[in-house]
């Protein structure tokens, strides 16, 4: 039941209450037609009771609908928040993949620049990039002499090296990156055989 209908019920209810009071007053003022007045009073009392019951049922229905709407709104807010978070993570991952490719170019440049001063400048910029990544929750997979983990490493080749246990990462070819426990890019590496 909507608000407009509730308002109509309330108007009828208040009118019935006024009628009842008028009848009670008429009963007190005059003793004539006492039986008729009492009968009319009973009828009005019954009508009032009926309207009270209807109003009570409608209020209960409105409260029930409000609770259902509140639950639906809360669910909608939760879905919206989840979708927003997923979109942020997806866009951040997309950016990181492009950013990581740029870091690969820096690494290549560092390996191939013979001039010491230029190399030093590029190393400083490169280190700032790595620091920025780490400050934003990105873990760099670059450790060597650790057991090979197919979740974070990608073996490009194997090499047999004396004194090194089988299945150890002996060289990182290209660094890997992890964001929030999700692999953005596995580390390309050489594994001992």
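A short reminder: the numbers here are calculations on the coordinates, not readings from a lab. What you are looking at is a predicted structure, and each value in this text was computed from that prediction instead of being measured. In this analysis, Cβ positions are derived from the backbone assuming ideal geometry, glycine residues included, and neighbour counts consider all displayed protein chains.
Quick one: in region 121-133, of everything that is free of Cβ contacts under 8 Å to residues at least 12 places away in the same chain and surrounded by 11 or more Cβ atoms within 10 Å (Cβ to Cβ), which residue is farthest from residue 92 (Cα to Cα)? Only one residue fits best here, namely 121.
Listed here are the residues, each with its yes/no results for (1) in contact with a strand residue (DSSP E or B) (Cβ under 7 Å, 6 or more places away or on another chain); (2) more than 18 Å from residue 176 (Cβ to Cβ).
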residue: 79; (1), (2): no, yes
residue: 86; (1), (2): no, yes
residue: 91; (1), (2): no, yes
residue: 105; (1), (2): no, no
residue: 108; (1), (2): no, no
residue: 117; (1), (2): no, yes
residue: 125; (1), (2): no, yes
residue: 130; (1), (2): yes, no
residue: 137; (1), (2): yes, no
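Yes or no, residue by residue, for (1) farther than 19 Å from residue 188 by Cα; (2) assigned to a loop (DSSP other than H, G, I, E, B); (3) in contact with a helix residue (DSSP H, G or I) (Cβ under 9 Å, 6 or more places away or on another chain):
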residue: 94; (1), (2), (3): yes, no, no
residue: 99; (1), (2), (3): no, no, yes
residue: 120; (1), (2), (3): yes, no, no
residue: 154; (1), (2), (3): no, no, no
residue: 170; (1), (2), (3): no, no, no
